[in-house]
Amino acid sequence: MASQQDLQELIRLMTAGMKVPMKDALGRVKALQTNNLRSIEQIAESSLADVTSAVQDAKAARSLHNACKARVKQPLGPATTKRTGSTLENSSKRARQSNDTGFTNGPEPVSPQEFEASSTFAVETDEKLIANTVLLTNRAPIVLAFAVELLRFTMPAQPPSSRLSLAQAVVSANSRSKAVSIGIDKGPSADDQGWGHGQPRVKVMGREVTVMKRGGYEWKGDEEPEEQHKLEEDPAKTMTAASSATETGVSTDVSSDTPAQEPPRSWSASRPVTLKQSTFIVRATKITSPSQRQSIMQSLFAANPSLQDATHNAWAYRTKVATNLFNATTIKEESFDDGESGCGDFLLKNMRETNAVDTLVVMTRWYGGVMLGPDRWRIMRDCLKDALAERLRVTGEQATLGDEAIWGLDLEDMKNKSGTAGSASSRSYEAGVVGMPIHRPEAAKAYLLRSFATRIDNPSGGTSEADGPQAPTAKATPKKKSAKVLEVEKEENVARLLGALRLLYESWVGHLTATELDRRAWGWYVAVRPDVESGPSGWGAKGHLKLASILALRRKEG
């Protein structure tokens, strides 16, 4: 019986080796499966008549049959084939990439933590330093920077490598549509022609991009899971080290809404997670009436006295309540932040997405003195999912992309390669797990650094939008600087740009939903992008980007 890997190899052979569009390849694979042809080996060993009977296209069947025979005779892989010098050189350059990066061959993978560390940037948040910075660049990399930093707030569960990939997908799609609008390119895009058919889509800066799930890829950021809560608790009441522990508390509250002798209540608890001295833990239990909420909370605090010393104990519940219409029910929900701004609504949002009903959750945080920014949402989401694991009734339709790492698909590259000659092995390095090219995070990071190499001296401080292009005085980077010094300056420039964007987004994130923040991001980009000539003459032209203009877009207090 063929495995999932056999099917992926077959799809890869069709798309990367035979240049068959993904939607056509999936249709042929389904037809082949109906005839019990589920792997390259099975197709190679069968007769051409059997393949033709399944595919219903004599020419396509002959091509597939021959390709499968060739693959069986000379399989791909570092252990069975000799690679050219250029391929070996490419392998060495990719030595620090994870096994999730989408390569079919290649070096020994590194851990997700190491791979994500290589996809991060330093960020400068000194406002005075940022305000005095003017960069010489073109527009496309500014879109990339806006999108990368935006995703940190709108999709905090996505690892840095995914944010770079998605942001580059936005740049590619925007550049393609711009090229068509000014007459540099023509014809329908790869997306319009269906090259991303069947793949999920997400919206970034108002533009939809096609993505691919990074199945099984897990990234936990810099937080540290703990085996035991850092604060001392009664050993008999401390949670176990398991992912979802069970805690028992006895209610000490007797009210008209609950029985006098309430049995012990079982709580499902997440593993505590610590980041920068802040510790998070989420607990969940059953609730069948809104009136039970207070007594249930009291029983939890009685069983775990240390919770009363926590900085925040936010809660949320969703439960079915009866209506007066033919015994129908509706969902009643309520939440409380307890000082953790936005937490209650965030808990409810995630409970709705997973269809959690008749459930009360309590998110406890011991604040460590350092603001975590959007990282706190990712940690809360992970802890909530952990605590709800035994209580949720989840269906596949309700699963969301926000919790699973994804790649941005390079549909134009897929389309272009369909008409390019070359061996399957040389193309496999640029393909995703099923032969679909993705926007590489390494390429996006290198592009960002390369595009902001020039910094302009700005004596006026760059704080006024009315200064115009004559205010900054261009002073090119000295030619005699070493490559190392120039590389440091590039990193400084990008750090200042990302710092300005982070300060901008942070000023709005507590007042706008993720959807609204995404919608406004494009308008902010348009407001600060360099002025260039319209039409083909302005394609790729450079101009001055004042970082002070980005800071000026921050939300005004009061």
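Tabulated data
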{"read-out": "Residue within region 86-94 that is at pLDDT 50 or above and in a helix (DSSP H, G or I) present", "value": "no"}
{"read-out": "Single residue of region 178-214 satisfying the filter (open to solvent by 50 Å² or more (accessible area, probe 1.4 Å) and part of a helix (DSSP H, G or I)) that is farthest from Phe115 (Cα to Cα)", "value": "Ser181"}
{"read-out": "Failed criterion for Val72 (all others in (1) in contact with an Asp or Glu (Cβ under 7 Å, 6 or more places away or on another chain); (2) modelled with pLDDT of 85 or more; (3) among the aliphatic types (A, V, I, L, M) hold)", "value": "(2)"}
{"read-out": "Subset of region 351-364 [open to solvent by 10 Å² or more (accessible area, probe 1.4 Å) and either more than 25 Å from Ser299 (Cα to Cα) or assigned to a strand (DSSP E or B) (or both)]", "value": "Arg352, Glu353, Thr354, Asn355"}
{"read-out": "Pair list, Cβ under 7 Å, 6 or more apart: region 32-46 residue among the basic types (Lys, Arg), other residue modelled with pLDDT under 85", "value": "Arg38/Ala2; Arg38/Asp6; Arg38/Leu7"}
{"read-out": "Residue list for region 268-300, filter: open to solvent by 20 Å² or more (accessible area, probe 1.4 Å) and farther than 24 Å from Asp375 by Cα", "value": "Lys286, Thr288, Ser289, Pro290, Ser291, Gln292, Arg293, Gln294, Gln298"}
{"read-out": "Count of residues meeting criterion [open to solvent by 20 Å² or more (accessible area, probe 1.4 Å) and part of a helix (DSSP H, G or I)] in region 132-177", "value": "12"}
{"read-out": "Failed condition for Gly538, given (1) closer than 24 Å to Lys178 by Cβ; (2) modelled with pLDDT of 85 or more; (3) open to solvent by less than 60 Å² (accessible area, probe 1.4 Å)", "value": "(2)"}
{"read-out": "Set Ala310, Ala303: member being within 30 Å of Gly510 (Cβ to Cβ), of a type in the set (Gly, Ala, Ser), open to solvent by less than 20 Å² (accessible area, probe 1.4 Å) and at pLDDT 85 or above", "value": "Ala310"}
{"read-out": "Every residue from region 314-332 that is out of contact with any Gly (no Cβ under 9 Å at 6 or more places or on another chain) and surrounded by 17 or more Cβ atoms within 10 Å (Cβ to Cβ)", "value": "Tyr317, Arg318, Thr319"}
{"read-out": "Every residue from region 491-524 that is modelled with pLDDT under 90 and either buried (at least 23 other Cβ atoms within 10 Å of the Cβ) or not in a helix (DSSP H, G or I) (or both)", "value": "Gly510, His511, Leu512, Thr513"}
{"read-out": "So Glu149, is it closer than 30 Å to Ala548 by Cβ, at pLDDT 85 or above and acidic (Asp, Glu)", "value": "yes"}
{"read-out": "Neighbours by Cβ (under 7 Å, 6+ apart or cross-chain): first from region 289-305, on the phi < 0 side of the Ramachandran plot; second in a helix (DSSP H, G or I) and buried (at least 19 other Cβ atoms within 10 Å of the Cβ)", "value": "Leu300/Leu307; Phe301/Leu307"}
{"read-out": "Residue match in region 379-397 (condition: assigned to a helix (DSSP H, G or I), modelled with pLDDT under 50, over 20 Å from Arg283 (Cα atoms) and in contact with an Asp or Glu (Cβ under 9 Å, 6 or more places away or on another chain))", "value": "no"}
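The values are calculated or read from the model by the stated rules, or taken from the named source; none is laboratory data. Owing to the predicted nature of the structure, the values given are computational and were not obtained by experimental measurement. For neighbour counting, all protein chains shown are included, and Cβ atoms are generated from backbone atoms with ideal geometry for every residue, glycine included. We work out accessible area using only protein heavy atoms, side chains counted, and drop any ligands, DNA or RNA first. Shrake-Rupley method; radii C 1.70, N 1.55, O 1.52, S 1.80 Å.
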